[in-house]
Every structure is written in C-alpha cells, then in structure tokens.
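**Student:** Take a look at this one; I'll ask things after.
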Amino acid sequence: MNQSNIKQCDKYQAYELNVSQYADEPEICAAIDLLAQDDLAIRITLVGGVEIALDIENITKCCQESFLSLQLVDNTELLGSALVQEMAQENTVHGIVVKRLLELSRSTTDEHQLRIYDLTLRELLSRFEMMQGENR
C-alpha cells in the first residue's frame, strides 16, 4: 500500500445540530457545510423536530467530500410533525396506525420508548410509501 494515499487525522470533533430550523435537506446540507474542513473527521448528531423523515444517506453523500470523514446520526423527532398529526386524522389503515402510535407516545415520558415509537413511525411511513409506489 502506498503510504502517500493515507491521510492522517489530527482533528476529530462531535457536534449536535438542531435541524428543526431548516426547511429541507438542502438547507441542512448547507448548515453542515459551514463546518467543512478537509482534514476533519466529524460526527454530527441531528436533533430536533422534522416534518419529513430525513434521508441521512443522501445528506451524507451531499456533504462528505467536505470532510476527511463524516458520520451523521439521526436523532430527529417525527412524531410531533404537522404531517403526522394530519395523517392521524385520516380514516385509512395508515391513519389509524399513526393515530395509535401517537396515542402510545403521549402515554409515556420514557425517552427510550419515545424513540422506539418514532422509529416505528418512520418504518411504517416508508413501507406505506413503497406500497403506494407499487400500486401506481
């Protein structure tokens, strides 16, 4: 292996970025790019409420060239979004499921359990979206 192809990392940083103030993924990418340093290995934990589930893979691809190493962790919350609240009012199968998840989330203050409900909601929404795509 050619040693000149190996970059040494002298800098590692961890950040928490509240993304609730950004309207979409391009704005989140722009915020991440403000931290850019090509010799920096960075871990950014995304937090805050979001209106749609984020595509972490897409955001990482958009930003990774600006860093020596970039790791994004999605700790955002989807349960409180207006879209989810609206879906819970629908008289459909997915509306009923979303409504039940919201009821469960309101019945606990356990952060771990709330995270499980949020991840369950994301998985369900992803599957509903796939099913709608197959029915077109």
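All of the numbers you see were taken from the coordinates with simple rules; none came from a lab. This one's a predicted model, so the numbers in the text were calculated from it and none came from an experiment. Backbone-built Cβ (ideal geometry, glycine too); neighbour counts: all protein chains shown.
**Student:** What is the residue count in segment 68-122 for residues that are assigned to a strand (DSSP E or B) and of a type in the set (S, T, N, Q)?
**Tutor:** 4
**Student:** Right, here's the next one. Give me a count of the residues in segment 42-95 that are under 13 Å from Leu125 (Cβ atoms) and touching a residue at least 60 places away in the same chain (Cβ under 8 Å).
**Tutor:** So the answer is 1.
**Student:** Residues being of a type in the set (Lys, Arg) and under 18 Å from Gly49 (Cα atoms): count how many of those fall in segment 100-136.
**Tutor:** So the count comes out to 3.
**Student:** With the requirement that a residue be of a type outside the set (Lys, Arg) and not in a loop (DSSP other than H, G, I, E, B), what does segment 55-67 give you?
**Tutor:** Passing the criteria: Ile56, Glu57, Asn58, Ile59, Thr60, Cys62, Cys63, Gln64, Glu65, Ser66, Phe67.
**Student:** Please find, within segment 43-54, the residue that is farthest from Asp118 (Cα to Cα) out of those that are in a strand (DSSP E or B) and in contact with a helix residue (DSSP H, G or I) (Cβ under 9 Å, 6 or more places away or on another chain).
**Tutor:** For segment 43-54, the residue satisfying everything is Ile44.
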